[in-house]
Amino acid sequence: MGEALHLARLGAGATSPNPMVGAVVVAGGRVIGRGYHARAGAPHAEVLALQHAATGARGATLYVTLEPCDHWGRTPPCTEAIIRAGIRRVVAAMLDPDHRVSGRGLRRLSEAGIEVAVGVAEREARDLNEAYIKHRTTGIPFVTAKWAMTLDGRIATRSGESRWISGEASRALAHELRAASDAILVGIGTVLRDDPALTARTPAAGRSPRRIVLDSTLRIPPTARALARDGTPVLIATTARAPADARRTLEAVGAEVLVVEGPDGRVDLDALLRELGRRGTLSLLVEGGGTVHGAFMDARLVDKVLVFVGPQIVGGPAPGPVGGTGVDALAAAWRVTRTTVRQVGHDVVIEGYLARSAPDGAEAARAREGAVCSPAS
């Protein structure tokens, strides 16, 4: 299963809106077939592994990171290929949360006389497809908030300078994260201050994520680098306060302008995420400044944080990474759970999942139990 999980990760950034899946065929104590889902519309991992194993698949065991499908989509059902190949046993890491599968695939195999098992390395499999799972169970994307800050918690100096708080190795890792995401979101403040291109500049990137800008009154200039006509979809989320002429100008340069009016006169983030989910966006990377991060935190829409901490101290009245309303009491604060800490170049990278504190402190206890620290790299 570890080999299957490794193979599945090779499809990162290319399989959406499908999951990442890896499969291996084992016979006589050795792997005789390997496969992974390379991109949406391409053959599924199980089919490729069976083709690789050829006639050796008869009587063998198939290990797969996700329950095989039993329905027609862009490709035929994997269950039929498994049955035809003569596989004796199927071991799946987890059930597929998609309502079209969700136990149906393993049930079909069992009815065909194939021994089935599920739950091997399930935690690793769920982590691998956390965005897919959230989208299939809630209809909205998995949201990761990412920022770089100094040791004293600033994302820029008091004059607004932020390049570069993180080092070259961290920036390369951030571009890998972009390449693996379906969409990247920033606020208009970031666009006006830094004019980011919002591209994934990494050799492994087959595409750049959809670019999304929150801009309640359409202040974004048509010359902004985020609006570059490079084949990547650009969405400007705005409100009814936006001038009609500004909207026409942006549409003329190829951007889509979407009015998502919230009750406070700002963009309704929950409605925006639901629209993105309807469009098949599984993962959203939020790189906005403190205002945008604060808005997402206040709305309880962040699933995960990725924080790059540079070994610098700037002091003074410099901006922090999370604004918004915040909380009055520590008991109501977000807790970062299942935390990992690693060193990348000269920086420290902290990654973890967000959960509100439990009244009895149980969440904090779980956070402490789940914390790990990996060796420096």
Exercise. With +1 on each Lys and Arg Cβ and -1 on each Asp and Glu Cβ, how big is the dipole of region 156-303 about its Cα centre, in debye rounded to the nearest 20?
Worked result: 260 debye
Exercise. Once you sort the root eigenvalues of the Cα gyration tensor of region 1-90 as a ≥ b ≥ c, which label holds: rounded (a/c under 1.5), prolate (a/b larger than b/c) or oblate (the other case)?
Worked result: oblate
Seminar exercise, completed: Gyration tensor on Cα atoms of region 81-125, a ≥ b ≥ c root eigenvalues, a/c under 1.5 rounded, else prolate if a/b beats b/c, else oblate, says oblate
Exercise. In terms of modelled amide H atoms, which long-range or inter-chain residues lie less than 5 Å from the amide H of Gly35?
Worked result: Ala23, Ala49
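Within region 1-83, report the chymotrypsin sites (Phe, Trp or Tyr not before Pro) that DSSP leaves as loop and that have at most 15 other Cβ atoms within 10 Å.
Details: sites: Tyr36, Tyr63, Trp72; in loops: Trp72.
Passing both the DSSP loop test and the Cβ count: Trp72.
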Exercise. Given +1 on the Cβ of Lys and Arg, -1 on the Cβ of Asp and Glu, and no further charges, what dipole in debye does region 238-311 carry about its Cα centre, rounded to the nearest 20?
Worked result: 100 debye
Problem set entry | ³J(HN,Hα) computed for each position of region 183-196 - Karplus, 6.51 cos²θ - 1.76 cosθ + 1.60, integer Hz, glycine/proline x | 8, 10, 10, 9, x, 4, x, 5, 5, 5, 7, 10, 6, x
For this session: Name the residues whose placed amide hydrogens come within less than 5 Å of the amide hydrogen of Glu261, ignoring near sequence neighbours (fewer than 5 apart) on the same chain.
Result: Asp268
Exercise. Which cross-chain or sequence-distant (5 or more) residues have an amide H under 5 Å from the amide H of Val344, H modelled 1.01 Å from N in plane?
Worked result: Val349
Exercise. Zone of Val341 (label point 7 Å along Cα→Cβ, backbone N under 20 Å): which residues in region 161-184?
Worked result: 166-167, 170
Exercise. In the chain, with Lys and Arg counted as +1 and Asp and Glu as -1 at Cβ, which of these residues, Leu66, Thr249, Ile32, has the Cα nearest the positive end of the dipole, that is, farthest along it?
Worked result: Ile32
Problem set entry | Charged-residue dipole, Cβ positions (Lys, Arg, Asp, Glu), the chain about Cα centre, Debye nearest 20 | 680 debye
For this session: Quickly estimate the mean residue ellipticity at 222 nm for the chain, helices only: each DSSP H run with n ≥ 4 gives -39500 (n - 2.57), and the total goes over all residues, rounded to 500.
Result: -8000 deg cm²/dmol
Seminar exercise, completed: In order over region 57-68: 3J(HN,Hα) from phi, Karplus 6.51/-1.76/1.60, θ = phi - 60°, whole Hz, x for each Gly or Pro, gives 5, 5, x, 8, 10, 9, 9, 9, 6, 8, 3, x
For this session: Quote to one decimal, in nm, the extra length available between Arg9 and Arg193 on full extension: 0.36 nm per residue of separation minus the C-alpha distance between them.
Result: 62.7 nm
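For Val259 and Arg241, compute 0.36 nm times the residue count separating them, minus their Cα-Cα distance, and round to one decimal in nm.
Working: separation 18, 0.36 × 18 = 6.48 nm, distance 0.93 nm.
In short, 5.5 nm is gained.
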Seminar exercise, completed: For the pair Arg248 and Leu151, the simple spin-label estimate (label points 7 Å beyond Cα toward Cβ) gives in nm 5.6 nm
For this session: In a Gaussian network model over the chain where Cα atoms closer than 10 Å are linked, find which of Asp195, Asp70, Asp328 has the largest mean-square fluctuation.
Result: Asp328
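None of the figures in this text is laboratory data; all of them are computed from the coordinates on show. Remember, it's a predicted structure, so these values are computed and weren't measured experimentally. A quick note on method: Cβ atoms are made from the backbone with ideal geometry, for glycine too, and the neighbour counts reach across all protein chains shown.
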